[in-house]
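Asker: A single structure is presented below for examination.
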Amino acid sequence: MKHQTLDQLQTVARIEPLAPFSVMTRNERIARWAELLEQNPERCLGALTGTEHLRPEARAIARGEGSALAVAFEDPILRASGLRDDTYGEAKRFFELSDWQLHDIVCDCHVGATMKARWAAARVRATISGNRLFAFLRRCLMR
């Protein structure tokens, strides 16, 4: 069997991807979520209540109508990339976030019952470019 690049193969065959969308990296998925929130920056989103106080099982299934998580799930590209529902646990898995990162985005203790989509978008983007030292220190303190 001879190894050939995609460019070489395209000269002799028509290549089509198996999936309608290419595989997205963690940062691409998070950036897509932020972009969706930024499309309507004044949209009023519901916050989840006390995620840090919920038992892990209850936290995993927590969801809210009109939340930042619901905005992500409304997107056909994120769903095609593997987002299965709009629960806290699924968002944590799909976006590869820690509980503290997701808590910072969706919990009501930061903003009250509602938040503007632009605020949520900024928090989502911070997970990509966030201060790693601060995150490390917080993890150490929360053990």
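Values in this text are rule-based calculations from the coordinates and carry no lab data. These numbers were taken from a predicted model, which means no experiment stands behind them. Note: ideal-geometry Cβ built from the backbone for every residue, glycine included; neighbour counts use all protein chains shown.
Asker: In whole angstrom, note down how far apart the Cα centers of the range 92-110 and the range 36-63 are.
Answerer: Spelled out, the Cα-based centre of one part sits 8 Å from the other.
Asker: Same structure again: Does the range 23-141 classify as rounded, prolate or oblate by the C-alpha gyration tensor (a ≥ b ≥ c root eigenvalues; a/c under 1.5 gives rounded; else a/b over b/c gives prolate, otherwise oblate)? Intermediate results must be reported in sequence, preceding the final value.
Answerer: On the way: a/c = 1.25, a/b = 1.13, b/c = 1.10.
Judged from the Cα gyration tensor, the range 23-141 comes out rounded (a/c under 1.5).
Asker: Which FRET efficiency, nearest 0.05, do S98 and C44 yield, Cβ-Cβ r, R0 25 Å? Intermediate results must be reported in sequence, preceding the final value.
Answerer: On the way: r = 26 Å, r/R0 = 1.06.
The computed FRET efficiency comes out at 0.40.
Asker: How much net charge surrounds H110 when only the other residues with a Cβ under 9 Å from the Cβ of H110 are counted, with Lys and Arg +1 and Asp and Glu -1?
Answerer: Values: positive: R123; negative: D104, D108.
That sum, taken over residues with Cβ under 9 Å, equals -1.
Asker: Residue separation times 0.36 nm, minus the C-alpha to C-alpha distance between V12 and A126: what's the value? Could you put the intermediate results ahead of the total?
Answerer: On the way: separation 114, 0.36 × 114 = 41.04 nm, distance 4.48 nm.
Extra length from V12 to A126 when fully extended: 36.6 nm.
Asker: Sticking with this one: Any idea how far apart A113 and D85 come out in nm if each label point goes 7 Å out from Cα toward Cβ?
Answerer: My value for the distance between the label points is 2.5 nm.
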